[in-house]
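Enquirer: Input: one structure, supplied below.
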Amino acid sequence: MSRSCASLPSPSPAWDAASLAGALKAAAVRRSAPHVGPLHAVLVKLGLSASAILATSLAHLALRCGLPRYARDLFDEMPRPDVVSWTSLLTGHAHQGLHRESLALLRRMVGSGVEPNGYSLSGGLLACAGVGQDALALGKEIHARVFKMSLHGPVDPVVENGVLDMYSRCGSIEYACRVFRVMQVRNIVAWNSMMAALLGSGQPEEALRLFVSMVSCGIGVDGFSFSIVVDACGELALLKQGMQVHARVVGGGFEADVIVRNSLLNMYVKCGCVDSAELVFKVASSRDAVLWTTMISAYGKFGLVQDAVSLFDRMAELGIKQDGIAYLAVLSACSHGGLVREGWHYFSLMSDGQSSVKMHPEHYGCMADLLCRRGYLEEALEFIENMPFDSSIAAWSALLNSSRIHGNAKLSQLAASRLLKLDPENHSNWVALSSVHASENDWHETWTIRESMSRECIKKEPGCSWVELYDGVHIFLMADQSHPELYGILKTLDSLEDISMMSFQGT
């Protein structure tokens with residue numbers, strides 16, 4: 001490793017172990033990369049390279065400055081690294097997002113005979129969570145070590161929370177729930193982690209139930225808790241409950257929290273209340289790019305296309321950064337409103353290099369959708385085939401839907417075939433291709449496709465809808481007859497049809 005540096009500090013009697021330790025700590029706080037080399041030179045000139053404490057501090061500084069290779073080289077020069085040195089290195093890598101490297105260091109640590117402590121295991125758990133499902137097996141091994149530690153005394157809540165977070169982010173919600181139930185200390189971090197895990201795994205109802213339990217247990221609610229529960233209300237379109245939580249947010253003084261504000265705006269959008277979402281946005285008076293982007297997206301979804309375009313342009317005027325998601329929101333708004341000229345304008349800002357935003361397949365898919373919605377099917381096909389990316393599922397889906405609406409069987413078959421090749425696991429692509437051939441009375445090809453679906457055990461997922469009443473949420477699946485009030489519901493539907501028919505005949 002090179003130790004040369006243009007600004008090496010000259011050896012001075014003022015430098016000693018204590019002053020060097022202070023300088024290393026100060027440089028780490030400031031993440032001052034230019035000081036790494038000079039301070040390393042001082043360490044060598046003072047003859048303190050063998051000091052595990054100072055060498056570890058220098059490696060920690062290098063990691064904080066984004067120099068992981070430098071830190072590992074320093075570590076490898078240590079004659080006998082102790083548990084503190086190992087822990088500092090592996091946790092530092094985990095915090096820098098170098099999760100696989102962190103896990104490799106943990107394996108080296110155990111292989112060298114150094115017993116990990118709670119902080120070491122916490123870093124390993126963070127690394128497993130960063131890797132995700134592929135690291136679940138190793139995460140379970142670390143959990144086993146944590147359990148062994150608990151037999152000799154209480155485990156630090158940080159480590160327990162790390163186990164919970166690891167299982168959640170590795171997709172093992174069942175294990176996360178088990179860990180949560182047996183935790184020795186359930187602090188606000190544990191409750192929030194569990195609620196977030198349930199919400200992230202598609203269980204917003206359970207997240208809401210856990211929130212109620214948390215409040216009834218007297219646990220203080222923070223901004224993250226409110227953000228999670230507001231998101232859960234949005235997922236379920238529970239406007240009444242969402243408004244109640246909003247009242248608690250205001251009462252608790254969390255209305256200025258950026259994350260909570262974004263969740264509230266998103267919740268009102270998902271509940272169909274664009275006016276309430278707009279009120280949240282205006283009251284915030286914020287330059288937060290996420291908040292502006294969410295509002296642009298909301299305007300687009302509710303057909304307020306000119307408002308979406310005006311807000312996007314206002315972002316540029318105010319100097320608020322417009323990222324790829326913001327461009328995607330305004331392109332989507334143009335698509336819903338059929339604004340081809342405006343859509344091409346914003347697309348050109350990205351493609352011509354006038355914007356620093358990097359183009360992604362989603363942007364091309366949005367532009368293809370805009371052309372399709374306006375009926376420019378041949379232009380859309382040419383656009384899709386000339387995309388600089390691999391074919392986009394969204395783009396071909398847009399072409400398929402518009403081709404079927406405009407009765408273009410040739411393009412429908414082409415789009416459906418391409419979709420089936422791109423995403424053969426998606427049952428709707430098989431159904432779409434089958435329906436296209438059936439619409440052309442091509443029954444031989446239709447039955448061939450359906451026989452292939454049967455062989456591959458591909459089944460169409462039943463449609464699902466739900467309605468919120470006073471006694472809860474009622475869920476209905478297509479062809480499902482298990483609802484306890486099915487007879488009364490069907491009877492009411494028949495009576496409504498009779499009334500409708502009588503009104504029609506009366507006119």
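The values are calculated or read from the model by the stated rules, or taken from the named source; none is laboratory data. These numbers come from a predicted model, not from an experiment. When we count neighbours, we look across all protein chains shown, and the Cβ atoms used for this are built from the backbone with ideal geometry, even at glycine. Remember, those area values only see protein heavy atoms, side chains included, never the ligands or the DNA or RNA. Shrake-Rupley method; radii C 1.70, N 1.55, O 1.52, S 1.80 Å.
Enquirer: Which Rg and Dmax, in Å, describe the Cα atoms of the range 76-119?
Expert: Just the Cα atoms of the range 76-119 yield Rg and Dmax of 9.8, 27 Å.
Enquirer: Let me ask something else. Given bins 10 angstrom wide, list per bin the percent of all Cα-Cα distances in the range 337-397, short to long.
Expert: With 10 Å bins starting at 0, P(r) equals 23, 57, 20, 0.
Enquirer: Related question: For the range 399-413, what does the Karplus curve 6.51 cos²θ - 1.76 cosθ + 1.60, with θ = phi - 60°, yield as ³J(HN,Hα) per residue in whole Hz, taken in order and with x for Gly and Pro?
Expert: 5, 4, 4, 5, 5, 5, 5, 8, x, 8, 5, 4, 5, 4, 5
Enquirer: May I pose another question? If you put +1 on each Lys and Arg Cβ and -1 on each Asp and Glu Cβ, how big is the dipole of the chain around its Cα centre, in Debye rounded to 20? Intermediate results must be reported in sequence, preceding the final value.
Expert: Numbers: 42 positive and 51 negative charges, 398 e Å.
Using only the charged Cβ atoms, the result is roughly 1920 debye.
Enquirer: Something else: Relative contact order of the range 332-421, please, whole-number percent, based on alpha carbon pairs below 8 angstrom and at least 6 residues apart.
Expert: 24 percent
Enquirer: Per residue, how big is the convex hull around the C-alpha atoms of the range 292-429? Give it to me in cubic angstrom, could you?
Expert: So the per-residue hull volume is 110 Å³.
Enquirer: How high is the relative contact order of the range 42-166, in percent, counting Cα pairs under 8 Å that sit 6 or more residues apart?
Expert: 19 percent
Enquirer: Restricting everything to alpha-carbon atoms, can you work out Rg to Rh for the range 96-215 with a Kirkwood hydrodynamic radius? Please report the intermediate quantities before stating the final value.
Expert: Details: Rg = 14.4 Å, Rh = 14.6 Å.
Value, to two decimals: 0.99.
Enquirer: Run the dipole for the range 88-201 about the Cα centre, Lys and Arg Cβ at +1, Asp and Glu Cβ at -1, nothing else charged, and hand back the magnitude in debye, nearest 20.
Expert: In total the dipole reaches around 140 debye.
Enquirer: Could you name the lysines whose alpha carbon sits less than 24 Å from that of Lys240, not counting residues in the same chain fewer than 8 places away?
Expert: Of all the lysines, those that pass the test against Lys240 - Cα under 24 Å, at least 8 places apart if same chain - are Lys270, Lys282, Lys301.
Enquirer: Starting from the Cα-Cα distance between Ser201 and His483, subtract it from 0.36 nm times their residue separation and give me the gain in nm to one decimal.
Expert: Extra length available between Ser201 and His483 comes to 99.0 nm.
Enquirer: Moving on to the next point. Give me the angle, in degrees from 0 to 90, between the Cα long axis of helix 340-351 and the longest principal axis of the Cα atoms of the chain, rounded to the nearest 10.
Expert: Between helix and principal axis, roughly 20 degrees.
Enquirer: Please compute the per residue accessible area over the range 31-183 with all protein chains in place, 1.4 Å probe, rounded to a whole number of Å².
Expert: Ligands and nucleic acids excluded, the figure is 47 Å² per residue.
Enquirer: By accessible area of protein heavy atoms, probe 1.4 Å, what ranking do Ile53, Ile489, Ile228, Ile475 get, highest first?
Expert: Per-residue accessible area, sorted high to low, gives Ile53, Ile475, Ile489, Ile228.
Enquirer: First compute the accessible area of the chain with a 1.4 Å probe, then give the percent of it belonging to carbon and sulfur atoms.
Expert: Heavy-atom surface of the chain belonging to carbon and sulfur, 1.4 Å probe: 55 percent.
Enquirer: Follow-up question, since we're still on this one. Where Lys and Arg each count +1 and Asp and Glu each count -1, what net charge lies around Ser51 among other residues with Cβ under 15 Å from its Cβ? Let's see the in-between values first.
Expert: On the way: positive: Lys25, Lys45, Arg80; negative: Asp16, Glu77, Asp82.
Charge balance near Ser51 sits at 0.
Enquirer: Kirkwood-based Rg over Rh for the range 30-130 (C-alpha set), two decimals?
Expert: My calculation puts Rg/Rh at 0.97.
Enquirer: In percent, how large is the relative contact order of the chain, given Cα pairs closer than 8 Å and 6 or more residues apart?
Expert: 5 percent
Enquirer: From the square roots a ≥ b ≥ c of the eigenvalues of the alpha-carbon gyration tensor of the range 239-321, which class results: rounded (a/c under 1.5), prolate (a/b over b/c), or oblate?
Expert: Values: a/c = 2.85, a/b = 1.41, b/c = 2.02.
Oblate, since a/c reaches 1.5 and b/c is not below a/b.
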